[in-house]
Amino acid sequence: MSKQFDLLKPHLDRAMALQTAMVLFEWDNETLAPEKAGELTGNVIGILSGEYFQAVNNDEVKELVKACKEDNDLTCEEKAQVRELSKELKKLDCIPKEEYQEFARLAADSARIWSIAKKEDDFGMFAPVLKKVVEFQKKFAGYRAMEGQKKYDVLLHDFEPGFTMELLDKFFQMIKEEVVPLLKAVKASKVLIRDEFLSGDFTDEQQEKIGCFLAEYVGFDFSKGVMATSAHPFTTNLHNKDVRITTHYNNNLDSSLFSVIHEAGHAVYELGIRDDLTQTLVGQGASMGMHESQSRFFENIMGRSRSFWVPIYQKLQEAFPKELSEIGLDSFVMAVNKAEPGLIRTEADELTYSLHVLIRYELEKELIEGELDVEELPGMWADKYEEYLGIRPENAREGVLQDIHWSQGSFGYFPSYALGSAFGAQLYYHMKEEMDFDGLLEEGNVQVICRYLKEHIHQYGKLKDSRTILKDTTGEDFNPEYYIKYLKEKYQSLYQLKQAAPSDR
Ligand code: ZN
């Protein structure tokens, strides 16, 4: 162990402790906190976040970081922590403090105005503040850019290190060329998939019971985690002995079933991080995209497969006899894989999901790099939905106002969602060569799959970026062809479409 790092460590520990406290408040806010707690709790969080800022951003820490960078005795784990910290410091150093604080105030305001504008379906109310947010993000990215680096690439790097616009342009072009025609063929197919039995008067208790079972079945450890309810399902990780998920209950059974499996996928990732990395700056998932690859792998590739349900479908039927006792396994599996273009990203099926992301990518890239004016967004949004999904939003609430991300200044975040699906597909085809994937699922042996993911991905936390993980695990750099192949195989078979000629991709 390095002497310099020894001196730095108490500062890092303090910062992590403060962060853990803030994360716990965030979790509490979304789950159990009483309605009126907000304002006073906000004061506490304000003080904690100031302390956090102070803990990492002071002269002593800066000196120690400099010394650590010159110290050859650092282990690779220590180096990774210093790397993450200096990334954080650089971000703060490039941006003048007053502008940083001004933006923090603006972002809070903007998210609040966005939520009112969405409720009232009034884009005009949101447009001026969004314009300011875009201006700030462009300015900040400009401060932070290395010579010759594009602004959008700077923002992208915050969520997906190792990826650039150049790489994403190719990825999304492939999605446009392959998925748009595939969806057209699905819509033209004569195959009708019944799914009315997935709606009904399911009680919260019934759904909670099966949700807990499913979470545990896919590897969520209730001695190191809890499950609560919130408006939108999410996962919170404090450290690898405390990872929490939420779900929601409504009249659509598949919504809670698959959101539990999705969040459990995020949680299993965090629970699998090595003990020597947890509670450090590298003790979280590698990137947004890699995280989403695990949750979507659990939810879609594993969770919506026929093999997954073979050993447990009867249990589901017994839990919901009125709706499911007459429904066979195959009908159930078809129903939960039905593809139908819709306007709302978070409700999209596996096939149309990436098209929602494609639209956001094209627009945000134009906002940051091009000349797109905020006022033009609703029209462009609607045109693209019509072009790619064949449907047109009637209002801004179901259109450009649906997501919170841009209001908070999160540009470069959306691509991670689609990248996650593509990472998952690449891992899946490789795993099929390494193990009898479907056979394991049919035996109810999910643990072998989880162990593989832990060994190759989860344990490392942020020690490796997503492209390195893919290369080390599959022997190949990021290759989106697997994702296209996966979608084609799945939906051509489900909707009995003509297989493409062999020369096609
Ligand atoms: Zn997710």
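See the values below:
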| read-out | value |
| --- | --- |
| Top-ranked residue in the range 50-77 [being among the small types (G, A, S) and surrounded by 15 or more Cβ atoms within 10 Å (Cβ to Cβ); ranked as nearest to A108 (Cα to Cα)] | A55 |
| Hits in the range 225-248 (condition: modelled with pLDDT under 95 and not in a strand (DSSP E or B)) | S230, A231, H232, P233, F234, H248 |
| Selected residue (criterion: nearest to the chain's Cα centre (by Cα)) from residues of the range 464-477 that are in contact (Cβ under 8 Å) with a residue 40 or more places away in the chain and surrounded by fewer than 20 Cβ atoms within 10 Å (Cβ to Cβ) | D465 |
| Helices (runs of 4 or more DSSP H) wholly inside the range 281-381 that include at least 1 residues being among the small types (G, A, S) | 288-296, 306-309, 313-319, 329-335, 353-369 |
| Count of the range 307-329 residues which are free of Cβ contacts under 8 Å to residues at least 60 places away in the same chain and either open to solvent by less than 60 Å² (accessible area, probe 1.4 Å) or within 29 Å of the chain's Cα centre (by Cα) (or both) | 5 |
| The range 209-253: number of residues that are over 17 Å from L271 (Cα atoms) and surrounded by fewer than 19 Cβ atoms within 10 Å (Cβ to Cβ) | 12 |
| E88, sole failed condition from (1) in a helix (DSSP H, G or I); (2) at pLDDT 95 or above; (3) under 30 Å from D477 (Cβ atoms) | (2) |
| Qualifying residue in the range 250-270 (condition: part of a loop (DSSP other than H, G, I, E, B) and either modelled with pLDDT under 95 or over 19 Å from the mean Cα position of the chain (by Cα) (or both)) | yes |
| Pairs, first without any contact (Cβ under 8 Å) to a residue 12 or more places away in the chain in the range 378-399, second open to solvent by 80 Å² or more (accessible area, probe 1.4 Å) and in a helix (DSSP H, G or I), C-beta under 6 Å, six or more apart | R392/E386 |
| Tabulated pairs, the range 7-34, first under 23 Å from Q81 (Cβ atoms) and among the hydroxyl-bearing types (S, T, Y), second surrounded by 17 or more Cβ atoms within 10 Å (Cβ to Cβ) and at pLDDT below 95, C-beta under 8 angstrom, 6+ apart or interchain | none |
| Enumeration of residues in the range 234-254 that are touching a residue at least 24 places away in the same chain (Cβ under 8 Å), farther than 19 Å from R274 by Cβ, within 16 Å of the ligand (Cβ to nearest atom) and not charged (D, E, K, R) | F234, T236, I245, T246, T247 |
| Filter result for A108 (without any contact (Cβ under 8 Å) to a residue 12 or more places away in the chain and at negative phi) | yes |
| Pairs, first more than 8 Å from the ligand (Cβ to nearest atom) in the range 260-272, second of a type in the set (F, W, Y), C-beta under 8 Å, six or more apart | I261/F298; A264/F220; A264/F298; A267/F220; V268/F220; V268/F298; L271/F220 |
| Breaking point among (1) of a type in the set (A, V, I, L, M); (2) under 22 Å from P415 (Cβ atoms); (3) more than 16 Å from the ligand (Cβ to nearest atom), for M290 | (3) |
| Pair list, Cβ < 7 Å and 6+ apart or interchain, from the range 45-56 residues that are free of Cβ contacts under 8 Å to residues at least 40 places away in the same chain to residues that are open to solvent by less than 60 Å² (accessible area, probe 1.4 Å) and of a type in the set (G, A, S) | L48/A21; Y52/A15 |
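For every residue, the table says whether it meets (1) more than 14 Å from the ligand (Cβ to nearest atom); (2) at positive phi; (3) at pLDDT below 95.
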{"residue": "S407", "(1), (2), (3)": "yes, no, yes"}
{"residue": "Y413", "(1), (2), (3)": "no, no, no"}
{"residue": "S421", "(1), (2), (3)": "no, no, no"}
{"residue": "A425", "(1), (2), (3)": "yes, no, no"}
{"residue": "D438", "(1), (2), (3)": "yes, no, no"}
{"residue": "L441", "(1), (2), (3)": "yes, no, no"}
{"residue": "G444", "(1), (2), (3)": "yes, yes, no"}
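The values are calculated or read from the model by the stated rules, or taken from the named source; none is laboratory data. Please read all numbers here as calculations on a predicted model, not as lab measurements. Here the Cβ is made from the backbone with ideal geometry for all residues, glycine too, and neighbour counts use every protein chain on show. For the accessible areas, the whole protein counts, side chains as well, though only heavy atoms, and no ligand, DNA or RNA atoms are used. Shrake-Rupley method; radii C 1.70, N 1.55, O 1.52, S 1.80 Å.
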